[in-house]
1. Among the candidates B:291, B:310, which residue alone is in contact with a strand residue (DSSP E or B) (Cβ under 8 Å, 6 or more places away or on another chain), buried (at least 21 other Cβ atoms within 10 Å of the Cβ) and more than 21 Å from residue B:344 (Cα to Cα)?
2. Quick one: which of B:166, B:124, B:172 is away from chain A (no Cβ under 14 Å), surrounded by 13 or more Cβ atoms within 10 Å (Cβ to Cβ) and within 26 Å of residue B:309 (Cα to Cα)?
3. Taking the condition of being more than 10 Å from chain A (Cβ to nearest Cβ) and surrounded by fewer than 17 Cβ atoms within 10 Å (Cβ to Cβ), how many residues in the stretch B:127-143 meet it?
4. Can you tell me which condition residue B:302 does not meet? The list is (1) closer than 30 Å to residue B:135 by Cα; (2) touching a Pro at 6+ places or on another chain (Cβ under 9 Å); (3) not hydrophobic (A, V, I, L, M, F, W, C), and all the others hold.
5. In the list B:428, B:357, B:457, which residue meets the criterion of being without any contact (Cβ under 8 Å) to a residue 24 or more places away in the chain and within 14 Å of another protein chain (Cβ to nearest Cβ)?
6. Take the residues of the stretch B:239-289 that are under 26 Å from the mean Cα position of the chain (by Cα) and of a type in the set (A, V, I, L, M): which is nearest to residue B:171 (Cα to Cα)?
7. Taking into account only those residues within the stretch A:192-230 that are modelled with pLDDT of 80 or more and either in the same structural domain as residue A:359 (by TED's automatic domain parsing) or β-branched (Val, Ile, Thr) (or both), which is surrounded by the fewest Cβ atoms within 10 Å (Cβ to Cβ)?
Amino acid sequence: MANDFKVPNLGENVEEGDIVKVMVSEGDEIAADQNVMEIETGKAVVELPCPFGGKVVKVHVQEGSKVKVGDPLLTVEGADGKATKEASKKEAAAPKAEAADAQADQTEEATEEEVEEIAAKVEEPKPAKAPVKKPAAKAAPKETAPTVAPTAAPGKTPPAGPATRRLARELGVDLALVAGSGPNGRITEDDVKAAVRENVSAPRAAHVAPGAPLPAGTDERDAWGVVRRSKVTAMRKAIAVNMAGSHSTIPHVTNFDDADITELERIRKGGLSDYVGTDIKLTMMPFVMKAVAQALRLHPMVNASIDMQKEEILYKQYVNIGVAVDTERGLVVPVIRDVDRKSIPAIAKALTETTDKARSAKFKLEDLKGGTFTISNLGAVGGTYSTPIINPPEVAVLLLGRSRKLPIVGEGDKIDIRLMMPLSLSYDHRLVDGATAARFLNEVISYLKVPGRLLLAP
Amino acid sequence: METQLVVLGGGPGGYAAAFMAADMGMEVTLVEAAPRLGGTCLLKGCIPSKALLHVARVVGETQEMADWGLEFEKPRIDVDKLRARKEKVISDLSGGLAGLAKRRKVQVIHARASFLNSQTLKLEGVEKDDKLVFEHCILASGSIPAMPGAFKLNTDRVMDSTGALELKDIPESLLVIGGGYIGLELGTVYAELGTKVSVVELTPNLLPTADRDLVKPLENRLKKLFAGIYMNTKVVSLTEGNNAIDVTFEDENGKRTESFSRVLVSVGRRPNSAGLGLENTEVEIDERGFVVVDEQLRTADQFISAIGDVAGEPMLAHKASHQGKVAVEALLGEPAEFAPMAIPAVVFTDPEIAWAGLTENDAKTQGIEYELAKYPWAASGKALALGRTEGFTKMLIEPDSERILGVAIVGVNAGDLISEAVLAIEMGATARDLAETIHPHPTLSETVGFAAESYLGTATEIYKPRPARKA
């Protein structure tokens, strides 16, 4: 069978690299643990050994390719027994729950046949191996007694210069676990790179990351390992029912766009110090809410509801905006009323009070009702675009991503650095046509780009 | 106003950080309360004191020449000219910094600043737009001389190190309170210029943190240079008398009073962390007033890093400038950490004392096993040629690995000689590495190689049987 050799975990905080050298070609026979590529990460060039042998049927990269952890490098056919671990663990795990992943890591030592068997029985994990093996010292210095390990004793810093120590930090290598090849165990930059290669080719069994704490429940074992069985909370149930209902009845369409908020950010920052010492946080959100509220007044279809049974459209003549708040218990969407008639400072104040209330669970059911539109802000967590789900009976929802500086081609083909906010607008295509949605989103973007318009809005 | 990075404090840590950040493409504002850049080091510390110590050394050498058959007259000293020359050294360096800031497009604001919150500074002495909003701040506010309340008199006859460096006059007599490095350096300057200098120290030792054997050659020389050295002695009170300060001492023999033209209070320095509005941020301050930082110099406030004297001991310019660069690199996501194996310490007296890495004092209190190699300068041709054989170079060596753990030197130019030791310690060098590095002859730097050779029993000028070691 054919197996893919993928870019392995290269060290802490190292997610990508450049292929500087490909040492095999299609048709080559390679042995297990043979070095097949050189990859450059940051300032280090590391040789990558392929953990399994066989015939190279495909080389997926060439010199100069940029690769990320997990990208395929080679496809090797007729791999030996050891080889099957990479591919077969995925096959064994895939049909069942995701929870099997952690267990699959522990079965890497198993052969193909064994892997197939563990679907039916519970396998004890193999003993963990140290993440970095200590190779034997190349030449023990004559002063050193043979029983003395070449590395420094625990608690002492191993001998390595500042440049080597920095490389070790960059590659996430613990120098205490590296065997130095120099006199008296002195560690060189090559030793650090060698330690990374060892780490890459060593089984990953010891690398089960400490997980986040789980909610209360009962632990039990299934075929792949331990599973915590926990009750669905009332709130999670409500979210699940609403989300499923909305997604299955409403034909969702999502438009993606970006708003230039360079000028707006300047105004917001300028005003920041006026709010020092108050409870109000002057975030971007009140400005976006004001822009959305004004745009909703101009595009009433997006501020409406549809009643399919009575075959009626309900145009709301008020603008109540729900703001998605991430709380410890899950997502809640408290509603801020009459946003179109509030000033930006008043919106900021209402928003602070409402989110505080939501987070402290002091809100009433009334606070969650009567919305005509929802805004969800993913920016604080990160991410750009997403496809948000509409909160019925509303017909649209706007998701804000994390703003970032982008090169924008401006007038006269000049490239300018602008702060851009990613926007994702989902709308109910039964009521809102694509053009309507696009016009509405353009309106929002134009308010955000020229905040003077926003400030002068009634 | 707004800025990407504000560096608060224009000393050696602050300007190193600001310049590096600008070089790496950040938009930087440097805020300094004093009207010039340079901080304590340049304006009222390392640099002016070294300029004056150079003068003191020349005066001292002319007197030593009598032994060689060269008689010099006592120098005629024009204090105004001397002060002006010292001031020119400062203004040249400070002007150079201002020029470098300009070329790097670092915006320099001379204003007192305090934090309104984690991302806003209020600037005093700026006419309008006095709020500076920043994305990140590197706090480099330094330290100030400690002045105990009992010694605060409303007269310039009682000085701190800043006052002493102003060199208002050459007083007839000077009492230095505190036998630390600042007091001994400035005491040396005034003594060589002709002042009768006395030193009073509360503990039994001058330079209390240094190894005793290092201090001995200095103490022998200071006993000749200074009018009095009072150990185990407490200063009970200072009162302003007739054109003098009356000082009451107390030691095991009881109390007595003596008059001095001037008094220098040099009892240490304290971090400058108060009055900056840090209480309006998340920054944590320890019981001694230092800002708490991690290895990347980040404080408990995600928007603020801290470097230099305000971020902890040792309060040394070269530590600050290194931290400044680490702080900037850390902000930019580089794998930098402030984790040195050795920070050299130098006392610029005559002779100089310098050490790096492990000291014998620390090794003993921490129970760290070491072997000692000591090379007396009496065996060095260069030291003999200079007529300065009182010095020595010693080395602390880890017995199993023969790695260099620490080096200490007392003697002329010890401060320059210690650099080789710092590199050796950083690189994890062994005694043999140093012994087999060829040092130029005849120099004082040879003594570093010779100390390592004396450990291996291979020093030419020293007869010492090889130490018995496990094969």
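1. Of B:291, B:310, the one residue that is in contact with a strand residue (DSSP E or B) (Cβ under 8 Å, 6 or more places away or on another chain), buried (at least 21 other Cβ atoms within 10 Å of the Cβ) and more than 21 Å from residue B:344 (Cα to Cα) is B:291.
2. Unique residue meeting the criteria: B:166.
3. 2
4. (2)
5. Result: B:457 is the single residue among B:428, B:357, B:457 that is without any contact (Cβ under 8 Å) to a residue 24 or more places away in the chain and within 14 Å of another protein chain (Cβ to nearest Cβ).
6. Residue satisfying both the conditions and the ranking: B:263.
7. The residue in question is A:227.
Here's the yes/no breakdown for (1) among the β-branched types (Val, Ile, Thr); (2) free of Cβ contacts under 8 Å to residues at least 12 places away in the same chain:
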{"site": "A:362", "(1), (2)": "no, yes"}
{"site": "A:395", "(1), (2)": "yes, no"}
{"site": "A:431", "(1), (2)": "no, no"}
{"site": "A:436", "(1), (2)": "yes, no"}
{"site": "A:444", "(1), (2)": "yes, no"}
{"site": "A:451", "(1), (2)": "no, no"}
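The values are calculated or read from the model by the stated rules, or taken from the named source; none is laboratory data. The structure displayed is predicted, hence computed values, not measured ones. For neighbour counting, all protein chains shown are included, and Cβ atoms are generated from backbone atoms with ideal geometry for every residue, glycine included.
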